[in-house]
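Below is one structure, written out as structure tokens, with a few remarks after it.
The values are calculated or read from the model by the stated rules, or taken from the named source; none is laboratory data. Just so it is clear, the model here is predicted, and its values are computed rather than measured. These accessible areas exclude ligands, DNA and RNA; they are computed on the full protein's heavy atoms, side chains included. Shrake-Rupley method; radii C 1.70, N 1.55, O 1.52, S 1.80 Å.
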Amino acid sequence: MCPHCGTLAWGAVDLSGRGTVYSFAVLHHPQNPQFDYPVIAALVELDEGIRLVTNLVELLPDEVEIGLPVEVCFEPTADGMAVPVFRPRVLERRQ
Ligand SMILES: [Zn+2]
């Protein structure tokens, strides 16, 4: 239900896939054999304003910081699906 107007109507919106790290935690235990540890679990705030619980990839735990620009990429799962995870965004260079 929409918290603003109470409607039950819904729709789909294309998202940019870009955001920043809002919060994160580095997980060491308990270990699930489907993951490589340490796992960086993060709350990513998308540019559109919503927050998403996800994992960060392609960086080391000590490279993560609040506000780090990230972009979505998709990791395959064992059952042939894919899940959205985030990697550091390469910022465009200024001349
Ligand atoms: Zn509404």
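Results, tabulated for the structure shown:
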item	result
Segment 18-88 - percent of accessible surface contributed by carbon and sulfur, probe 1.4 Å	55
Space enclosed by the convex hull of the alpha-carbon atoms of segment 18-88, per residue, Å³	85
Fluctuation leader among F24, F35, F74 - the chain, Gaussian network, Cα springs under 10 angstrom	F35
For the chain, accessible area per residue (1.4 Å probe, heavy atoms of protein chains only), Å²	79
